[in-house]
Structures are given as structure tokens and as C-alpha cells.
Amino acid sequence: MGVHQKLESVKEQMANVRVVLVRPKYGENVGGAARVAYNMGISRLVVVAAELPEQGAMTKMATHHARDLITNLQLAPTLAQAVADCAWVVGTTARQGKHRFFLENPAKMVEHLLPKLRHNQVALVFGPEDCGLSNAELELCNATVTIPTADFSSLNLAQAVGVICYELFGALMAPKAGPAAAPALASSRVVAAMYDDLEKALVAIGYVREADLGYWRHNFSHFFNRIGLRSREVRFVKGLCQQIQWLAQGRPTRKRE
Ligand code: SAH
């Protein structure tokens, strides 16, 4: 495949990728992130915030090349909404706290992401400059990645976007044949609804108290997210939850077909 053809194929796959910036404080960082995302073939930028960051600061740093990303910037009120239709969500974090699960380095993260790219919407999620992504936001992620640093783990937001997007772009441009494409997976919205059903079922049988639900959701979301469930696997788990609830309510369970 020639370089031109390769670039076209990379752009096609990158069309399924969005960069999501959660509550960014500075318009300059949004502009800088837009620019480098565009450099790496990504054309979709979503900001999770109540209102758009300052336009002037964003466009100044985006330069005219990445202006389209700023013009077409999508605003979402929550991260859950920003990634609702995504089947693979990658969170980025500077910190390596004990509650952060399955931390990967950028190369490993890309290795797991690549096969999903062809048939799924994928999100690369970045946190606010001051505090990073919350634990609840990390629970929406299928993988969590940290960029190794020599000292002082925290990078500038736009630079972190650059490193992650470059890693993905580089892997897509590599001469070797990519991994076989994975099938379409269940979207974040569908999986979140499955977690709601699991919570209800666990409470219904008295296994988990309402007050402890946060702890349980944290654990099972990390377990299921890592796998990347298909739609019919989600239906299977939802069916189990339904049966558990029926039984807990003293109703006869559904007859097996
Ligand atoms: N003080 C914050 C740092 C936020 S920096 C904290 O402790 O989490 C803003 C964002 O840039 C982070 O939320 C993350 O998305 C990204 N980022 C910064 N440094 C990073 C690193 N070393 N690895 C991965 N992402 C990083």
C-alpha cells in the first residue's frame, strides 16, 4: 500500500475516534488539543461542560488548520452522554492511585484499541487541568492509560492529547498488517443500563445494601469494561438480572424456551 492509500485508510479509521475533554479550564488548551488531534488525523472533538470555553483563546491555539474542529466542537453535559454511543472508552490519568484499575502504557492501550477501531466508536478522554478525571468518570472507561514521565507525572492537557493521538496514529501508519478487526461491541449507554439492572438485582436479593452500591458498581464496571461486551452478552446478563428480580419478588421465573 502506498503512503497516500495508507493515509486514506488511517483517516477512515480515525473517523471513528473522538477526543473528549472533560471540563477544560483554559480555551488555549482546547485549541492546542484540537490542533494536535487534527495533525494526527482526528476530526471530532467533544467538550464536557455547561458552556463552551472562550472562543478566541481556542481558535488562536487551534490555528486555521484545525479551525473546523473548533467550529464543529460538540458540547455534552456529562461524560456519560459524550461517550453514550462509544463501545471503547479510554481514560487518561496522570495519577496512579490505588483505585485506578488496569493502567496501561500508551503502546499497550493502542494494542487493545486497534482491533476495535473498524467497527466501533472509540473515545479518548482527558480530564480537567486541576484535578483530572473523577473516579465515577473512570468507571465509564474500558481502559486507563498513563504516559510515563521522568519526573512530575502531570503533563499539560494539550500535550497529553498529543502524545496519545500520536501513539495511535503511529500504530495505524506502521507498515505491518494491523490486527484482525474485532466485532461491534455494546455501546457505553447499553452497558450502563446493564449495570443499573445488576444493581437492582443485587439489592433485590439483599446481597448488597443501597449504601454500598457505589463500591459494587466500581468493581463490576471495571470487570466488565475490561472485557468489552457484545450486545448479545449484555442481553444475557440483563436476562439473568431479570430472572433474579422475578425470583426475589416471589414471582415464578420465566419458563425456559
Ligand atoms: N492534577 C491533575 C493533572 C491533570 S492534567 C491530576 O493529578 O490528575 C490534565 C489531563 O491531562 C489529565 O486529566 C489527563 O487526561 C492528561 N494527562 C496529564 N498528564 C498525563 C499523563 N502523564 N498520562 C496520561 N494523561 C495525562
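Beyond 17 Å, what share of the Cα-Cα pairs of region 114-224 remains, rounded to the nearest whole percent?
Working: 4096 of 6105 pairs.
Of all Cα-Cα pairs in region 114-224, 67 percent lie more than 17 Å apart.
Once fully extended, how much extra length lies between Val3 and Phe236, figured as 0.36 nm per residue of separation less the alpha-carbon to alpha-carbon distance?
Working it through step by step, the gained length comes to 79.5 nm.
To the nearest 20 debye, what is the magnitude of the charge dipole of the chain about its Cα centre, counting +1 on the Cβ of each Lys and Arg and -1 on the Cβ of each Asp and Glu?
Dipole of the chain, to the nearest 20 debye: 860 debye.
What order do you get for Asp197, Asp212 when you list them from fewest to most C-beta neighbours inside 10 Å?
Asp212, Asp197
Run the dipole for region 188-248 about the Cα centre, Lys and Arg Cβ at +1, Asp and Glu Cβ at -1, nothing else charged, and hand back the magnitude in debye, nearest 20.
Here the size comes out at about 280 debye.
In debye, nearest 20: dipole of region 82-149 around its Cα centre with unit charges on the Cβ of K, R (+) and D, E (-)?
Working: 6 positive and 7 negative charges, 51 e Å.
With only Lys, Arg, Asp and Glu charged at Cβ, the dipole is about 240 debye.
Give the angle, between 0 and 90 degrees and rounded to the nearest 10, that separates the Cα long axis of helix 157-173 from the longest principal axis of the Cα atoms of the chain.
Here the helix axis deviates by roughly 90 degrees.
Residue farthest toward the positive end of the dipole of the chain, with Cβ of Lys/Arg at +1 and Asp/Glu at -1: which of Ala248, Val19, Leu155?
Going by the Cα projections, it comes out as Ala248.
Can you list, largest first and rounded to whole Å, the semi-axes you get for region 1-48 by taking the square root of 5 times each eigenvalue of its Cα gyration tensor?
26, 11, 4
What are the principal axis extents of the Cα atoms in the chain, in Å, biggest first?
64, 43, 36
May I have the extent of the alpha carbons of region 18-128 along their three principal axes, as whole Å values ordered from largest to smallest?
Computed over the Cα atoms, the extents are 38, 30, 23 Å.
Mind ranking 216-225, 145-154 by how tightly packed they are, going by the mean number of other C-beta atoms within 10 angstrom, highest first?
With the highest mean Cβ count within 10 Å placed first, the list reads 216-225, 145-154.
Which value, in nm² and rounded to one decimal, describes the direction-averaged projected area of the C-alpha convex hull of region 188-248?
Result: a mean projected hull area of 3.8 nm².
By how many degrees, 0 to 90 and rounded to 10, does the Cα axis of helix 213-227 deviate from the longest principal axis of the chain?
60 degrees
For region 102-230, what does the relative contact order come out to in percent, with C-alpha contacts under 8 Å and a separation of six or more?
RCO, region 102-230: 37 percent.
For Gln74 and Ala181, what does the FRET efficiency come to when R0 = 30 Å and r is the distance between their Cβ atoms, rounded to the nearest 0.05?
0.70
Since every read-out is calculated from the coordinates, none of them should be taken as a lab result. As the structure is a computational prediction, the values presented were derived from the model and not from experiment. Every residue, glycine among them, receives a Cβ derived from its backbone with ideal geometry; neighbour counts consider all protein chains shown.
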